[in-house]
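The values are calculated or read from the model by the stated rules, or taken from the named source; none is laboratory data. The model shown is predicted, which means the values in this text are computed figures rather than measured ones. No Cβ is skipped: glycine too gets one built from the backbone with ideal geometry, and neighbour counts run over all protein chains shown.
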Amino acid sequence: MSDPQELDQTIEPAVVEAPEATDADELVQELLPKLSEEDEKKLAFEVESDHINAISDREEWENRLSEWEDSYHNRLPSKTFPWVGSANFHVPLTMMGVETYKPRLVEGVLGQTPPVIVVPSKGTDDVRLDKVERFLNWQVLTELPLDQLVPESAHLFLQPGLVIAKTYWRVKRTTRRMVREFPRDTQLPEIFESLFGDQAPEGLKSDGELAWTGTLAASPQGGPALDVSLKMKFLNDTIQVLVVRDEVVETPWVDLIEPTDFVVPANGGSNVQELPWCHQRLWLNESELRTRVKLGRFDAQTVEDLLNKTGGATNPESADAYHTGRAEAEGVSLEGPSDVRATQYEIFEDYRRWDVNNDDEDEEIIVWVAADLPGRVLGWDYLDNVYAHGRRPFRVGRFLPIPFKFYGLSFAEMVKGIQDEINTIHNQKVDFGTLSNVPFYFYRASATFPPITTKIKPGSAIPIDNPQTDILFPQWRTNPAFEAGDEAVLHQYFERLSGLTDLSFGRQPNRVGATRTARGTQTLLSEAGLRFKIVLQEFQRFWTGVFSDILALDQEYLPPQKEFRVTGRLPTVMRIKDRMEIRGQYDLRLATTADQLNKEQMRTDATVLLQAMMNPVAIQAGFVGMKGLRRVYSDLFRSFGKDPDFYLEDQAPIRSPEEELMLMVSGQYVPPTMGENVQMHLQVHQGQMVDPSVPVAVRRLMARHVQETLQIARVQQASQAMGPGGRGQGGTGLVSQSQAGNADIGRAAPQPPALSPAPPGGQPGYGQ
């Protein structure tokens, strides 16, 4: 059988921001109270009125967005003062600051692999916790374009200072065309088995001699039944089979929202969950509108009225100052025919508390309203019917939060005053240099000197009757304001305000009195890092919230039998049988801290921690676990730029003596595990070894196991004999190898106390 030839063509893609309708969803839809015509108008006008008022209230903010964009892109308005063509240079302070912060923010999320650490908020067994952590990390790294989302979110976080993410369950249905070739003598059952395996089509009917249509049953992963068709073509040596089949991919998804497309009320507060209302402006084309009709989200007649009323999509705000400025930065015109939004309709997806059943209690709902269809509701639903976790699906991050305010400040706005002044001083210096090189002058009107036609250039000879009286070049002293020191002072202001110093840019400070020692440099980095740490924590809080929403969606919508790969030296496949395996309450945090962004400091910290944690007494007492040791070792490998999964073995589970015996009965040798109760294991194993029902071959394996367990016991007893510090009573346990060697010269090593005797019959495990 030849290798398949695949045509990766997808047609009629449909992306839905929620699970596809099920029987339960249809029941909920049936139970939705029917809005009266009066209530529908009231709700629609309320959404529209709130939108208009909010846009009017934030007009100044939107204008400032344009200014911040100009500052970042180093654009200044044209100027004619003090003369046409005078200096108009934008010192790139804003861009330098944003681009210095950005990679550190990205590293703060993606700097460690895996990036997310899952912590149980209530009692959860280690096996389930480990599975949840492994699955969530696999999901965000493979099913999400995280390498694109994180840098883009970092830019929005800094400029314009507001990043908004929407996390939802995405169902993507596509139709795929695939051509497969088989040898001429291949039988039809073999072809079907090769194409579909155990998932044979149901109701496969011949549509002519060489064509079939049918339905693929629901997959073991819980996917829906899908249509499939086949068409065969017999050639001289081969059979060509064209397969057209539906495919559905279900994953959590994250969209970053344009700041101007997210609308909130003025003075509503900073918490998006507590706002009276908020909405996202969606831009949907005709096909997307009709898809939502098919899924039961939008009313069919209302959508048709929208399409017929407008006669085409409108885009009233695509060319506002903010979007125009961004487009100009990349050299694109928003007035051209290729503008995508010119074919899209402006839809308000509104989240609010509203009394839909007239019981005098507000319910959390989602309502969709078209900007071009006043007084009409495209559709509505309860929030917890669309998002089972009951939260509005948005997370907000701000570069510089302002208490009780939604928008906060951007980096450009924070340094705007310094940016403007340094631009002014710099351009005045350039203009002063121009005037010094080519000064203006005065001349006698009656002189023969023709200033209009005379061009002053090096080496030119200009005739004049009396140079002493007919022409005058004014003389002036250099203005101290134009000295370089003033610009340097502004740079210092910028450093103090932003927390970005020469060291942040990877440069040694060149100012007089700057610290040159390693200790001094580390101190400066630590102090400068305090400001950055606050910024990084806000950005990490944003992404931790996004990952929490992803896990919450998984717990409600993840299909059964979900498979995922666990990376490492030997990648393996794990499976989540059903959603109950990941249910529970968990706290999330990112693996990377601000201190770990400095690899040298990270290496030093990991080394010191390892010295403290490797104390055998601490390990035996249970203060230190293998999981904690592995994390510290992982940090150490990462500080050298190495992936720890390729160097470190997975932690072996701690088994009971009975479990170890059962594994060895099956012929598998099981070594003892660090952290187990050694004395208890020895006692149980000694009883197992004299049990006549245990086969001799198993007792040989058990003998090896007991010997290795005895070695661990001797080490532990020796450590206990030396005291809690590891080197005698009161020691620290952190003595270097050279110190330890010198202390032991001329002195015999302490002997451990006697252990439990071997079982009767001579060597352990050999019985007779």
Flag for Arg541 being closer than 25 Å to Trp253 by Cα and of a type outside the set (S, T, N, Q): yes
Only listed residue being in contact with a strand residue (DSSP E or B) (Cβ under 9 Å, 6 or more places away or on another chain), surrounded by 17 or more Cβ atoms within 10 Å (Cβ to Cβ) and either within 30 Å of Val624 (Cβ to Cβ) or touching a residue at least 12 places away in the same chain (Cβ under 8 Å) (or both), chosen from Leu609, Leu590, Leu597: Leu590
Boolean, Tyr669 is modelled with pLDDT under 80, hydroxyl-bearing (Ser, Thr, Tyr) and surrounded by fewer than 16 Cβ atoms within 10 Å (Cβ to Cβ): no
Only listed residue being assigned to a helix (DSSP H, G or I) and modelled with pLDDT of 80 or more, chosen from Arg638, Arg700: Arg700
Tally of residues being assigned to a strand (DSSP E or B) and surrounded by 14 or more Cβ atoms within 10 Å (Cβ to Cβ) across the range 576-587: 2
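With the requirement that a residue be modelled with pLDDT under 90 and either in contact with a helix residue (DSSP H, G or I) (Cβ under 8 Å, 6 or more places away or on another chain) or not aliphatic (A, V, I, L, M) (or both), what does the range 120-132 give you?
Pro120, Ser121, Lys122, Gly123, Thr124, Asp125, Asp126, Arg128, Asp130, Lys131
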Listing of strands (runs of 3 or more DSSP E) fully contained in the range 154-251 that carry 3 or more residues being over 36 Å from the mean Cα position of the chain (by Cα) and either charged (D, E, K, R) or modelled with pLDDT under 85 (or both): 201-206, 211-216, 226-234
Yes/no for Asp50 being assigned to a helix (DSSP H, G or I) and surrounded by 16 or more Cβ atoms within 10 Å (Cβ to Cβ): yes
Lone qualifier among Gln596, Gln611 - being touching a Lys or Arg at 6+ places or on another chain (Cβ under 8 Å) and either in a helix (DSSP H, G or I) or farther than 30 Å from Gln711 by Cα (or both): Gln596
Matching residues, the range 180-191, being in contact (Cβ under 8 Å) with a residue 60 or more places away in the chain and surrounded by 14 or more Cβ atoms within 10 Å (Cβ to Cβ): Arg180, Glu181, Phe182, Thr186
Qualifying residue in the range 120-133 (condition: buried (at least 21 other Cβ atoms within 10 Å of the Cβ), in a helix (DSSP H, G or I) and under 13 Å from the mean Cα position of the chain (by Cα)): no
Only one of Thr142, Thr113 that is over 30 Å from Thr501 (Cα atoms) and surrounded by fewer than 19 Cβ atoms within 10 Å (Cβ to Cβ): Thr142
Those residues of the range 255-287 which are closer than 23 Å to Val150 by Cα and of a type in the set (Asp, Glu), in sequence order: Asp255, Glu258, Asp261
